[in-house]
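Accompanying notes for the structure given below.
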Amino acid sequence: MAQYTFNLADVLTAMEFDNLNPMQEAAIAATQEKDHVVLLSATGSGKTLAFLLPILQRLDTSVQQTQALIVVPSRELAMQIEKVFKQMRTGLKITCCYGGHKREIEENNLIEAPYLIVGTPGRLCDHIRRGNFKTENIKHLVLDEFDKTLELGFQEEVEFIIDSLPNVQHKMLTSATSSMEIPEYAGLVDPQELNFLSEDNKPEALAIKQVLSTDRDKLNTIFDLICHLGNRPTIIFCNHRESVERTSQLLWQKGIINEFYHGAMEQRDRDAALCKFRNGSTSLLVTTDLAARGLDIPFIRYIIHYHLPLTEDSYTHRNGRTARMEASGTAILVLSQDEKLPAYITEEVETIELNPPYELPEKPKWVTVYVPLGKKDKVNKIDIVGFLSNVGQLKKEDIGLIEVKDFSAFVAIRKSKAAHTYTLIKDARIKGKKAKPEIIKQQFLNR
């Protein structure tokens, strides 16, 4: 391909941004002055662009070599960074590496060296040990959400990765908390620290409220609270996977449509849960702290702390899912009789008074169709729209958000049209291949 020339205006146009925010501008300036930078900034503040832009400025595209490595704590964050990079429309290759799907898929993607690799520690170590990509040409290293990486216990893997990069010249470490100690093996020499964390690290548009429960396990209170709040995008945080599934199932039994999400789920189920939440097939997601960072889910109205966060950092990151991009949001702590607000919550907290019985929230107007064909099958959004319009007889307003991944696609369609459309498309083909679509049902419906 022709050599790429970095142009900030072109990138901003592709991203549909008018300009960079002060944190991003400061990060670019810092990387021009220093080889090692530590960037502290809240979740959702735009750190991804803050490290991708300096990398783009420095890439030597006259040679097809892997020159940048981005290490992240979760597969969702890896995929989000890949998505942002592709939105820049540089035409440069990036490869995403993470557990939960076949390693061979990534090995094929690595045969032709990508300029950037983004991945989780365990999978990156695996590729390095197998020699699937060359490390000697990597000049740029980003340790994104490094505090979370350490919290999840990836110290040995990250140390191995850093030791495997003999010629790194530029390093950036990002974190959403200032309480983290940077280990020696990170190899930062005289780094410039950029601290964009506010004093209390809370968005100004975030309201904090509490609900007092007379029910020890708080489930009836959660049910009443959800009915009180109505059908608005809401995340319920629990501390354990078992609690997530139990809460989700019991809410279903009470008539509350929801999805659950945690780290032990199969990749397709994780993708489906997030897609259904993004596209409006459900407005309620029950999850662990896995969803507290790195997920591309805009416009979340309520955060409900079913279980009190184990740490202040956890509390901050959970709340960071709402009140983003100048929108307002509310975080609600549900307290049983023997629980008190954590000491780090010092502001005045309003109490929500519940007065049941309530009517159930309005049910979603969308359902999600799964198609096991994606980008690697040369299927794109236009193909999906054409398929649903021409074969499924859907109008434009009956088709919602479409997400096309490497080997699959998820698309929201109007629930009232779903049964008829499915009978039309179930045996049809897309680009000569059997579509094999299915309407995704919630995990507990068939139990």
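Restricting to the range 137-164, name every residue that is among the hydroxyl-bearing types (Ser, Thr, Tyr) and modelled with pLDDT of 90 or more. The answer is Ser164, and nothing else.
Number of residues in the range 137-158 that are more than 17 Å from Thr311 (Cα to Cα) and in contact with a Pro (Cβ under 6 Å, 6 or more places away or on another chain) equals 3. Scanning the range 414-438 for residues that are closer than 24 Å to Lys375 by Cβ, touching a helix residue (DSSP H, G or I) at 6+ places or on another chain (Cβ under 6 Å) and part of a strand (DSSP E or B) yields a count of 1. The single condition from (1) within 22 Å of Phe277 (Cα to Cα); (2) not in a strand (DSSP E or B) that Gly400 fails is (2).
Condition test on Leu290, is it part of a helix (DSSP H, G or I), in contact (Cβ under 8 Å) with a residue 60 or more places away in the chain, of a type in the set (A, V, I, L, M) and under 27 Å from Val71 (Cα atoms)? Considered against the rule, which asks whether it is part of a helix (DSSP H, G or I), in contact (Cβ under 8 Å) with a residue 60 or more places away in the chain, of a type in the set (A, V, I, L, M) and under 27 Å from Val71 (Cα atoms), Leu290 comes out as yes. The test for being touching a helix residue (DSSP H, G or I) at 6+ places or on another chain (Cβ under 9 Å), assigned by TED's automatic domain parsing to the domain that holds Ile105, surrounded by 19 or more Cβ atoms within 10 Å (Cβ to Cβ) and within 25 Å of Leu40 (Cβ to Cβ) holds for Leu141. Do we have Tyr344 as among the aromatic types (Phe, Trp, Tyr) and under 21 Å from the mean Cα position of the chain (by Cα) here? Criteria not met by Tyr344. Scanning the range 368-394 for residues that are part of a loop (DSSP other than H, G, I, E, B), touching a strand residue (DSSP E or B) at 6+ places or on another chain (Cβ under 9 Å) and closer than 14 Å to Ala418 by Cβ yields Gly392, Leu394. A residue that is touching a residue at least 60 places away in the same chain (Cβ under 8 Å), closer than 14 Å to Gln210 by Cα and touching a strand residue (DSSP E or B) at 6+ places or on another chain (Cβ under 8 Å) cannot be found anywhere in the range 359-367. Candidates in the range 221-251 are the residues that are part of a helix (DSSP H, G or I) and in contact with a Ser or Thr (Cβ under 8 Å, 6 or more places away or on another chain); of these, the one that is surrounded by the most Cβ atoms within 10 Å (Cβ to Cβ) is Val244. A Cβ distance below 6 Å, combined with a sequence gap of six or more or placement on separate chains, defines the contacts here; from the range 397-409, residues that are basic (Lys, Arg) reach no residue that is assigned to a loop (DSSP other than H, G, I, E, B) and modelled with pLDDT under 90.
Here the range 71-97 is the region considered, the condition is being out of contact with any Asp or Glu (no Cβ under 6 Å at 6 or more places or on another chain) and in a strand (DSSP E or B), and the residue that is surrounded by the most Cβ atoms within 10 Å (Cβ to Cβ) is Val71. Looking only at the range 54-98, residues that are touching a Cys at 6+ places or on another chain (Cβ under 9 Å) and among the aliphatic types (A, V, I, L, M) come to 3 in all. Output the residue which, of all residues in the range 315-349 that are among the small types (Gly, Ala, Ser) and at pLDDT 90 or above, is farthest from Thr287 (Cα to Cα). For the range 315-349, the residue satisfying everything is Ala343. Scanning the range 57-90 for residues that are over 16 Å from the mean Cα position of the chain (by Cα) and of a type in the set (A, V, I, L, M) yields Leu59, Val63, Ala68, Leu69, Met88.
Take the conditions (1) assigned to a helix (DSSP H, G or I); (2) without any contact (Cβ under 8 Å) to a residue 12 or more places away in the chain; Met265 misses just one of them, which is (1).
When restricted to residues that are touching a residue at least 12 places away in the same chain (Cβ under 8 Å) and surrounded by fewer than 22 Cβ atoms within 10 Å (Cβ to Cβ), the range 107-128 contains 12.
With respect to being surrounded by 14 or more Cβ atoms within 10 Å (Cβ to Cβ), in contact with a Leu (Cβ under 7 Å, 6 or more places away or on another chain) and assigned to a loop (DSSP other than H, G, I, E, B), Ala50 falls outside the description.
In this structure, Ala176 does not satisfy being small (Gly, Ala, Ser) and under 26 Å from Leu401 (Cα atoms).
Could you tell me whether any residue of the range 412-426 is outside the structural domain of Glu104 (by TED's automatic domain parsing), in contact with a strand residue (DSSP E or B) (Cβ under 9 Å, 6 or more places away or on another chain), at pLDDT 95 or above and closer than 25 Å to Gly100 by Cβ? Among the residues of the range 412-426, at least one is outside the structural domain of Glu104 (by TED's automatic domain parsing), in contact with a strand residue (DSSP E or B) (Cβ under 9 Å, 6 or more places away or on another chain), at pLDDT 95 or above and closer than 25 Å to Gly100 by Cβ, which makes the answer yes.
On the stretch given as the range 172-187, residues that are of a type in the set (Phe, Trp, Tyr) and either more than 20 Å from Asp35 (Cβ to Cβ) or modelled with pLDDT under 80 (or both) total 0.
Out of the range 87-121, which residues are more than 12 Å from Gln65 (Cα to Cα) and in contact with a Ser or Thr (Cβ under 6 Å, 6 or more places away or on another chain)? Those that are more than 12 Å from Gln65 (Cα to Cα) and in contact with a Ser or Thr (Cβ under 6 Å, 6 or more places away or on another chain): Tyr98, Asn109.
For the range 144-158, a residue qualifies if it is within 20 Å of the chain's Cα centre (by Cα), within 18 Å of Leu39 (Cβ to Cβ) and among the aliphatic types (A, V, I, L, M), and exactly one does: Leu150.
The values are calculated or read from the model by the stated rules, or taken from the named source; none is laboratory data. Predicted model, so just to flag it, every value in this text is computed and none were measured. Glycine gets a Cβ as well: all are built from the backbone with ideal geometry, and neighbour counts include every protein chain shown.
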